[in-house]
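The values are calculated or read from the model by the stated rules, or taken from the named source; none is laboratory data. In this text, all values refer to a predicted model and were calculated from it rather than measured experimentally. A quick note on method: Cβ atoms are made from the backbone with ideal geometry, for glycine too, and the neighbour counts reach across all protein chains shown.
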Amino acid sequence: MSVVRILFSYIIFPGFIFTALVGLLLTWIDRKVTARIHWRVGPPWYQPYADFLKLLLKETIIPEGSSKVLFLLGPIIGLVAMSILAVMLFSMNLNPGNTFVGDLIVMIYLLALPPLGIMIGGSASKNPLASVGVSREMTQYFAYELPFLITIAGIILKAGGSIRFGDIILAQKASGPFLYSISGVIGAIVILLSAQAKLGFVPFDIPEAEQEIMAGPYIEYSGVALAMYKLVRAMMLFLLPLFLISVLWGGLGDWWAILKFLLIIVLIVLIKNTNPRIRIDQSLRFFWLGIGILSVVGLVLAVYGL
Amino acid sequence: MKRIVPIGPYHPLQEEPEFFKLIVEGEKVVDLEINIGYNHRGHEFVAQKMTWDQVTFLVERICGICSDSHPYAYVLAVEDAAHVTAPPRAQYIRTIIGELERIHSHYLWVGLAGHFIGYNTVWMWVWRYREPLLDIFELIMGNRNHYAINKVGGARRDILPEHYSKIEKYLDLLEEKNTMFTKAVLDDPVIRARLEGVGILSKEDAVAYGVLGPTARGSGYATDVRKDDPYDAYDKVDWNEIVFDEGDVLAKAKVRLLECSESIKIVRQCLRNMPDGPIETRVDEIPPGEGIGRHEAPRGEVFHYVRSDGSNMPVRHKIRAPSFMNIPSNVVAVRGYSIADAALVLAAVDPCYCCTERTVVLRNGKRELTGKDMLRLSWRKTERLRRRYRR
């Protein structure tokens, strides 16, 4: 019985299928809001599902001379990581006692896996543009991960030095969300911008820059493999705001969480539509000097309990 | 380690056939090879098989964006050969359409430049305000593009007095929005970070490559046929030539945006001072001789040369489009910048590949486009022409 329940939670709710369905709906919100900003009409709500199904029916072409296993492993890594992350986020939000030591670290690793999958798949595809994209993805990953980790360290400090995800949620339930403090606001800004970069949205869509390197690591992907990448992206769009709410904005305990969630999504879409893409060197400077110093300030403030 | 990053042979964004071979080290572009000749249509040759009036419509099809510029320069060339001038009203009409076309072409570029740096909101907004202009074209001439307003000896259609107010109304809207866009481009720190100091073409290089239009004026090289050699109504109106010295992509963007407001000024003055009268002079035959026509197209000077032997067809028609001069300057402008900048720098000259297409010699499947080859071909052709017309 418990095996069935575990399988259910990983595959159907809140794991793969639920996250994928909601994530695809969120990409529709993204597309619709973008379209309204552009004075366009935008697609109907079922468009992302239709696109996904269409891609499933297309042929998957594997470029000649590339490593078949690694090429197909790329999208699968991200998909598995996101499914597990969804289960962890939901089960610990709904039942904070159901936690283990170091699960926050596991979550950070799970969040790091999709970029890794992109790097593996992109470099396996043997395309010069893909390799440029992979090198950019790598630079970008190191750029945004540093301030992200510093901020997480600050959050751990605020939760009393515990690296359990459940303890962070319990601490916020006891003394109010971390967001309502200076270091919390700084942390939210840092995590939001890192999420923008993780999602590969403008101004940080440098690794795939369709106008410069024609989608970079994704250039050789087609059919099911491309659909999986799109799905990973959609699931991240669902899970990253959830992660932000969980660690800073009081968790998913009440119905307000939905409103908070939509607010973050709209904020991400607005940032995406009011900025041009920056260059990779500018991105690195922005994350290490600008946002990096900001996150250190946040950490110092968190030490003093502000 | 040097690698090749290809842009083309079918441009992923501009959707035209050309091939830029970026030779890169890491992210840095060290050299550029430009290949053209994928879609040569032989307009000059076809023009020699058509009557004088038919050629006006043929050259209109050279380019879709500056579809007024080529016929404009062509009719100026034929009028030069025939020693006629268009009546004043026709001159004003042609000037108005030429300037409105400049606005629509520059807006197209600003929108595309936004798209090239991933700023799709700029793209959509700019094109939104370009749209009513196309409606005005349709109102006046029945077509959103390919206006067919030019005719040897005048204009084919009149701008009716009831259309004046519509054009004025649009110009009011555009003036407001143009100020907004100019400010938005100049004030946005992220746009500046992407455009400023990128793809610098120095004045020396600009002169050496003989670049034209906004590309030259953005590099501090003041060249504009409308000022240097005024034709039609351009010497009867008051306007300024926009020149910036920086030579980067931002300067080119500024030149184009500010030129739009100069165009608004020109169209306003033309509408106010438009004289009454006929819109065409009858041209019965073109006497033997030759004529040249120059028009400042949105991308720079477009040059047409025609030679007549007194028959109803040109015996030689030579076209030089501005992009043909501008695109080679990319080689110096793009060197030393990153791949991220390259796409933008290559687009900054506002390239028009269909104007640039030339014939290419292929030998054993390899491209041979050396200067010597082309020179030899040209000599051979001159010899042939001489033999033919000696009799």
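A few comments on the model shown:
- The one condition in (1) out of contact with any Pro (no Cβ under 9 Å at 6 or more places or on another chain); (2) within 14 Å of chain B (Cβ to nearest Cβ) that A:Arg277 fails to fulfil: (1)
- Qualifying residue in the range A:201-220 (condition: surrounded by fewer than 20 Cβ atoms within 10 Å (Cβ to Cβ) and either in contact with a Ser or Thr (Cβ under 6 Å, 6 or more places away or on another chain) or over 22 Å from A:Gly122 (Cβ atoms) (or both)): no
- Members of the range A:198-231 that are away from chain B (no Cβ under 14 Å), of a type outside the set (Asp, Glu) and more than 17 Å from A:Ala143 (Cα to Cα): A:Pro217, A:Tyr221, A:Ser222, A:Gly223, A:Val224, A:Ala225, A:Leu226, A:Ala227, A:Met228, A:Tyr229, A:Lys230, A:Leu231
- Residue within the range A:290-306 that is within 14 Å of chain B (Cβ to nearest Cβ) and without any contact (Cβ under 8 Å) to a residue 24 or more places away in the chain present: yes
- Top-ranked residue of the range A:254-274 - restricted to ones that are farther than 30 Å from B:Asp187 by Cβ and surrounded by 14 or more Cβ atoms within 10 Å (Cβ to Cβ), ranked as nearest to the other protein chains (Cβ to nearest Cβ): A:Phe261
- Conditions (1) over 23 Å from the mean Cα position of the chain (by Cα); (2) within 14 Å of another protein chain (Cβ to nearest Cβ): number failed by B:Gly199: (1)
- Unmet criterion (only one of (1) of a type in the set (A, V, I, L, M, F, W, C); (2) surrounded by fewer than 24 Cβ atoms within 10 Å (Cβ to Cβ); (3) more than 14 Å from chain A (Cβ to nearest Cβ)) for B:Trp123: (3)
- Filtered by the rule that a residue be touching a Gly at 6+ places or on another chain (Cβ under 7 Å) and buried (at least 21 other Cβ atoms within 10 Å of the Cβ), the range B:179-205 gives a lone residue, B:Leu201.
- A:Leu284 vs. criteria closer than 30 Å to A:Leu73 by Cβ and within 14 Å of chain B (Cβ to nearest Cβ): yes
- Which listed residue, of B:Val360, B:Val332, B:Val349, is in contact with a Lys or Arg (Cβ under 7 Å, 6 or more places away or on another chain) and not aromatic (Phe, Trp, Tyr): B:Val360
- Of all residues making up the range B:339-359, the number that are farther than 26 Å from A:Glu208 by Cβ and either of a type in the set (Ser, Thr, Tyr) or in a helix (DSSP H, G or I) (or both): 4
- Hits in the range B:170-201 (condition: in contact (Cβ under 8 Å) with a residue 60 or more places away in the chain and not β-branched (Val, Ile, Thr)): B:Leu171, B:Leu174, B:Glu175, B:Asn178, B:Phe181, B:Ala184, B:Leu186, B:Arg194, B:Leu195, B:Gly199, B:Leu201
- Residue among B:Lys372, B:Lys366 that alone is more than 14 Å from chain A (Cβ to nearest Cβ) and at pLDDT below 70: B:Lys366
- Residue within the range A:187-197 that is more than 14 Å from every other protein chain (Cβ to nearest Cβ), more than 30 Å from B:His115 (Cα to Cα) and buried (at least 24 other Cβ atoms within 10 Å of the Cβ) present: yes
- Restricting attention to the range B:234-272, the residues that are touching a strand residue (DSSP E or B) at 6+ places or on another chain (Cβ under 9 Å) and part of a helix (DSSP H, G or I) add up to 0.
- Residue that is surrounded by the most Cβ atoms within 10 Å (Cβ to Cβ) [pool: residues in the range B:80-120 that are β-branched (Val, Ile, Thr) and either within 20 Å of B:Glu301 (Cβ to Cβ) or within 14 Å of chain A (Cβ to nearest Cβ) (or both)]: B:Ile117
- The residues on offer are A:Gly122, A:Gly42, and the sole one that is more than 30 Å from A:Gly253 (Cβ to Cβ) and part of a helix (DSSP H, G or I) is A:Gly122.
- Screening the candidates B:Ile191, B:Ile200 for the property of being aliphatic (A, V, I, L, M), farther than 26 Å from B:His70 by Cα and in a loop (DSSP other than H, G, I, E, B) yields one hit, B:Ile200.
- Against the test of being touching a residue at least 24 places away in the same chain (Cβ under 8 Å), farther than 19 Å from B:Gly64 by Cβ and surrounded by 22 or more Cβ atoms within 10 Å (Cβ to Cβ), the options B:Ala348, B:Ala297 yield a single qualifying residue, B:Ala348.
- Options A:Leu226, A:Leu244: the member that is within 30 Å of A:Gly184 (Cβ to Cβ) and in contact (Cβ under 8 Å) with a residue 24 or more places away in the chain: A:Leu244
- Close pairs (9 angstrom Cβ cut-off, 6 or more residues apart or separate chains): touching a residue at least 60 places away in the same chain (Cβ under 8 Å) in the range A:270-282, assigned to a helix (DSSP H, G or I) and among the basic types (Lys, Arg) anywhere: A:Pro276/B:Arg194; A:Arg277/B:Arg194; A:Ile278/B:Arg194; A:Arg279/B:Arg194; A:Ile280/A:Arg136
- For the range B:1-39, filtered to residues that are away from chain A (no Cβ under 14 Å) and closer than 17 Å to B:Ala333 by Cα, the residue that is farthest from the chain's Cα centre (by Cα) is B:Val30.
- Failed condition for A:Met235, given (1) farther than 30 Å from A:Lys126 by Cβ; (2) assigned to a helix (DSSP H, G or I); (3) of a type outside the set (D, E, K, R): (1)
- A:Arg40 vs. criteria surrounded by 13 or more Cβ atoms within 10 Å (Cβ to Cβ) and at pLDDT 90 or above: no
- Taking the numbered list (1) touching a residue at least 40 places away in the same chain (Cβ under 8 Å); (2) crowded, with 20+ Cβ neighbours inside 10 Å; (3) away from chain B (no Cβ under 14 Å) in turn, A:Leu110 passes all entries but (1).
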